[in-house]
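Bear in mind that the values in this text are calculations on the coordinates, not laboratory data. Predicted model only: the values in this text are computed from it and were never measured. Glycine also receives a Cβ, built like all others from the backbone with ideal geometry; neighbour counts cover every protein chain displayed.
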Amino acid sequence: MKHIIRQVFHSGKFVVGFCIFVTILLVVIIYPLFITDSPLAILGQGTFFPPGIYVSTFDSINSPTTYTLDLNDAAAVRIANKLSSDDRLAIKDWLLVAGIPEDQIDITDTKKLLDQWSSNYDPKKNIPGMTNAKRNYFVRLDNSLKGLLSAEGAIIATKNPETGILEQTGIVNQSDYVNINQVASVRWLPLGTDNFGRDVLNELVKATVVSLQIGFVAGIIATLIGLTLGLLAGYIGGIADDVIMFITNLFTVIPSFVLLILISFSIGQEQRGAFTIAVVIGFTSWVWTARAVRSQVVSLRNRDHVNLSKLSGHSIVHIILTDILPYIASYVIMALILQISSGILAEAGLSILGLGPRTTDVPTLGLMMNWAMIYQAQILGKWWAYFPVLLTIALITFSMNLMNTGLDQVFNPALRD
Amino acid sequence: MANVMLEVKELTTKYITRFGEDVYAVDHVSLKVEEGKALGIAGESGCGKSTLALSLMGYYFAPLHYTSGEIIIDGRNISGMNPDEVRKSILGKEIAYIPQAAMNALNPTRKIIHFIEDVIQEHELYITKKDIYDRARKLFETLGLPAEVLQKYPVELSGGMKQRTVIAISVLLLPKVLIADEPSSALDVTSQKMVIKMLRQLMETGLISSLIFITHELPLLYNVTDDIMVMYAGQIVEKANSKEAVFDPIHPYAKGLMGSIIVPEKGLRDVKLTAIPGVPPNLKRPPAGCRFAERCKYVQPECKVHSVDLRELEGGRTYRCIFSEEQLRKAYQNG
Amino acid sequence: MKGYRKYFLNKLAWFLVTLVCAFLLNFILPRLMPGDPVAAIVARMAQGMSNSSGVQAIYEQYTELFGTNKPMLEQFFLYTRNVARGDFGFSFSQYPRTVADVLSASIWWTVCLQFPAIIVGWLIGNSLGALAAYLKGGFDKVIMPVSIFISNFPPFGMAVLLMVIFGVNLKWFPTSGGYGFDLIPSFTWSFMWSVIVHYQLPFWSIVLIAIGGQAIGMRSMSIYELNADYVKYARFLGIKDRKIVGYVFRNAMLPQITGLALSVGTMVGGALVAEIIFSYPGLGSTILTAVRGQDYPLVSATTLIITLMVLSANFIIEILYGIIDPRIKAAQAD
């Protein structure tokens, strides 16, 4: 046993797969110890907030201490941040009309561009062929640039509770700063929020746990059914074999996802929990295990040690447990690994069809994907809503397949090369 | 003296493993086969006899590699030839091979006749399919195989029939040397007899000029061959005519090998069966001295120090041992 | 030819048996489940959730067609008769269209998308696998890990990635639909072109997924065949490597054909989900709308059609295989 384990860990593929898988497991176990928020709590009023650190504006203004920092590039950075690439192109258009040669205009150089703008812009200038809307756009652009360029601060006013009149209570200067550690409310959303306004990372961790559980439950059910049927068919043979093989062949050709769809649909949205889905997946995916186990058992059935055991009068259960199971254990483990990863994929596929577990209970990787697709995150460029999910699914299945290939190479040396 | 069909001088070949290690499975082997003669090669499995068979073809592919030595077929040295030239003008035509596992030696999805076409067209450019068919049919009839076999797929043939078909295909181009590597080991007794009969027939009818027959079944060797060569760990340990090699071996290993096999011949009935204890050396790191030293009953300290050369006796008999013939015979008598 | 006829009849019988069993399952499974959708929907209808004449018509049609209040056996005969006629009743979610009408519109999109894609993926995958086995070295070291990764990638994931890269960012291809939304299906050039352009991303996402799995299988089959005894024997008879490689790949490809027959079901399943991602107007999207609209007749009919397609594909592959592989005839003749 020790020897086998050592051999398994000498296989590069197995080790890589194992490391990826263990890393994922550790993350999903450790993360909830530190972040205890409910993964389904809705934080954002709106869809798809991008990843980043969210700082309460109110708390920032009312922060107990403000600091004054004289940073030379602060203004330039502020304007550069404010000027969109469309604005820059519009400025370039104006400057071209105003007679500046094209090679002197660099829209990436904010300072030079603004200098050229302020010296060349003239709101009264009439450019032939320019629409009114466009003229108004340039006026607005100029005003907002002036506002940005001015050195005045923003005034904070509050309503006087007695008179109801706004009174100035403070001023925020351009050089005022707060220390983020002193702001009362700061929330880091490393992967932003989803369409419901939920913390994607938090949800993803929980979803990975649930999906792995679904995979394990489905895999164990499928393996148990497959193992039992395979053992019965292979060891007992005769009519049992014929009947079981008929059923197995039948479910090999009838696509399992069709059964999955039919059953999940029939169960109904309200009854579909993650566990139910896992059980359904397990009951529709035992076929390959049954086939593999049967063929192994058939080849084992007439080996000397099994015959010896039979002659010694051991019971069928005893023979199966001591003389057959140990020899097919490696196959069963490999089949289980494959079942787990295909179970996770099956759940994801079902969820995208709208047949996954209820949305309100727990997140799963499939459900996250489904909602991201419904809200068209991929078309809107909200990568954080779907890409981490895809990556997690791919890493889980990839790592499991690598482990499986590694095991296969150890147990079936003929395949090496 | 008859024509020498195959002469091999100091041939050495090696396997290169996945990890880049060299394994010298054929180590300075020399042999000679004359026209009309059959040479037998005997030894335990793993002694290098199958590798020798592959090496004799003069055509190498990974993991087997040529190292040194010469192969001369009917006066033509093929060791320095370009591999493609060997393939076109030597393989099948001058020297042919019958593989160990004839069961799987034929492409399962190709009709026998189509495979024969592939073989002949490789060596004769301007031959029509009709001529090929006629030639194949004639050969098959000569060898007592039904012509319908030609139109069948290998899966449709029985084991014995498949083996005989393989032999017939191997001699299609009338090779001067035929190397048969355990052609009968996987067959039942009746089929074995047929195969042996066929090999003899090939020699008698002159379809082949000489035969090298490799097997671990000594009774077969004794029946078919004129001379026998015993190999151990990639080297020749003894070479003698068949009768002497089987009934009067000199080398301790040959002695042990002959003793470990039942030969249903008169004089051997009362010889006790003895197995040779131990296992052959690992050829990745061959021992410095005699390769058989670890398992030899008569081993002396110096056996393990220096490699031992072949000694030649009168009449061309050779063996590889530090003892003289008399010393060995005396030792055998004392048990 | 006798051997082949036996093989053919054997496969035909098996095809019919599986078809009957699939049909039975399609009938029984929904009725076995605890939350019987048939009963639920009929109950909802009976409560008079809506008074519109459409719902009333569906309700009447439904009770007549499926006889949900009748005993199981009678229901079964009714169901069988209607299916045999190609009459699946009205669609709940797309009333007044009938299920047959909805399906006849979407089925061809799926057939024309998936079967070419699976075949192309199979061909490319097998070629790459064979090359990896033959060339070894660097080519193998690149192709294999990529194939393993791709074949483990969820099919919808591949669809999303292709869409984001080539549809959203590069804007080479449209991201959704089967043709431009401003066009009406017709045999005009602009419509055809639109169909071709919309075809690309769903097509290649299915192809890529198929390539991964096939390449891995073909590579190990080829390595196995390259080490076969007949290769060594053919070499020693002086046959040139090019011809031997021909033998090897033909022989390695044969099990891949049966492999295709066995995996076509899974592939179609993945491809249906990929269709949904691209809002392709095929059966995948039909299932999605049916599920969202709680449209029981449509779900039932679509799953039946998909099963029929997969079983037929399977049957055709097996039949072709019997023609290509001589061993089949020989084995049956014994």
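Numerical summary
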| item | result |
| --- | --- |
| Other-chain or far-sequence residues with amide H under 5 Å of B:Met5's (modelled H) | B:Val33, B:Glu34, B:Glu35 |
| For segment B:167-242: Kirkwood Rh in Å [reciprocal of mean 1/r, alpha carbons] | 13.2 Å |
| Within chain A, longest stretch free of exposed GluC sites (Glu not before Pro) [DSSP loop, at most 16 other beta carbons within 10 Å] | A:163-417 |
| Chain B: relative contact order in percent, alpha carbon pairs under 8 Å with at least 6 residues between | 19 percent |
| Chain A, relative contact order [Cα under 8 Å, separation at least 6], % | 26 percent |
| Interchain or long-range residues, amide H under 5 Å from B:Arg311's placed H | B:Tyr319, B:Arg320, B:Cys321 |
| Value of [θ]222 nm, deg cm²/dmol, for chain A, DSSP H segments ≥ 4, -39500 (n - 2.57) each, nearest 500 | -19500 deg cm²/dmol |
| With at most 16 other Cβ atoms within 10 Å, longest stretch of chain B clear of loop trypsin sites (Lys or Arg not before Pro) (DSSP) | B:19-268 |
| Residue-span extension gain [A:Gln104 to A:Asn181] - 0.36 nm each, minus C-alpha spacing | 23.3 nm |
| Residue order, fewest to most beta carbons within 10 Å, for C:Ser300, B:Ser158, C:Ser220 | B:Ser158, C:Ser220, C:Ser300 |
| More than 15 Å apart - percent of Cα-Cα pairs taken over segment A:74-145 | 51 percent |
| For A:Arg140, net neighbour charge (Lys/Arg +1, Asp/Glu -1) across residues whose Cβ lies under 12 Å away | +1 |
| Per-selection metrics, chain B (Cα): Rg and Dmax in Å | 20.7, 68 |
| Gaussian network model of chain C, springs between alpha carbon atoms under 10 Å - residue of C:Val111, C:Val142, C:Val102 with greatest fluctuation | C:Val142 |
| C-alpha long axis of helix B:159-170 to longest principal axis of chain B, angle in ° | 80 degrees |
| Within chain C, longest stretch clear of exposed chymotrypsin sites (Phe, Trp or Tyr not before Pro) (DSSP loop, no more than 15 other Cβ within 10 Å) | C:1-171 |
| Average beta carbon contacts from partner chains per residue of C:131-143, 10 Å cutoff | 0 |
| Within 10 Å of each Cβ in C:167-173, the average number of Cβ atoms from other chains | 1 |
| Descending principal axes extents, segment A:45-167, alpha-carbon based, whole Å | 55, 36, 34 |
| Pair-distance profile P(r), taking every C-alpha pair of chain C, with 10 angstrom steps and integer % | 5, 20, 25, 23, 16, 7, 3, 1, 0 |
| Chain C: most fluctuating residue of C:Asp140, C:Asp182, C:Asp241 per GNM, C-alpha cutoff 10 Å | C:Asp182 |
| Shape box of segment A:152-191 [Cα atoms, principal axes, largest first, Å] | 44, 24, 18 |
| Global geometry of chain A, whether rounded, prolate or oblate, following the gyration tensor of its Cα atoms and the 1.5 cut on a/c | prolate |
| Sorted by Cβ density within 10 Å, fewest first, the residues A:Phe275, A:Phe398, A:Phe387, B:Phe19 | B:Phe19, A:Phe275, A:Phe387, A:Phe398 |
| Within straight-line cross-link reach of B:Lys255, aspartates and glutamates at Cα separation under 14 Å, skipping those fewer than 8 residues along the same chain | B:Glu44, B:Glu238, B:Glu244, B:Glu325 |
| Two-decimal Rg/Rh across the protein assembly as shown, once Rg and the Kirkwood Rh are taken from alpha-carbon atoms | 1.10 |
| Rounded tilt (10° steps) of A:85-97 against the dominant C-alpha axis of chain A | 40 degrees |
| DSSP H segments from chain C that extend 24 Å or more along their own axis, Cα-based, with Kyte-Doolittle mean of 0.5 or above | C:2-32, C:99-135, C:189-226, C:241-277, C:296-324 |
| Label point distance in nm, C:Asp87-C:Ser186, each placed 7 Å from Cα along Cα→Cβ | 3.5 nm |
| Two-decimal Rg/Rh across segment C:272-328, once Rg and the Kirkwood Rh are taken from alpha-carbon atoms | 1.22 |
| Beta bridges by DSSP in the protein assembly as shown, antiparallel share as percent, to the nearest 5 | 70 percent |
| Count of Lys pairs (Cα-Cα under 26 Å; at least 8 positions apart or interchain) in segment C:2-333 | 12 |
| Computed [θ] at 222 nm, deg cm²/dmol, chain C (DSSP H ≥ 4; -39,500 (n - 2.57); rounded to nearest 500) | -27000 deg cm²/dmol |
| Theoretical FRET efficiency, 1/(1+(r/R0)^6), r = Cβ-Cβ of A:Trp188 and A:Tyr67, R0 22 Å, to 0.05 | 0.55 |
| Residue exposure sequence - C:Thr258, B:Thr109 - by fewest surrounding Cβ within 10 Å | C:Thr258, B:Thr109 |
| Rounded to 10°, Cα long-axis angle of helix A:132-149 versus longest principal axis of chain A | 90 degrees |
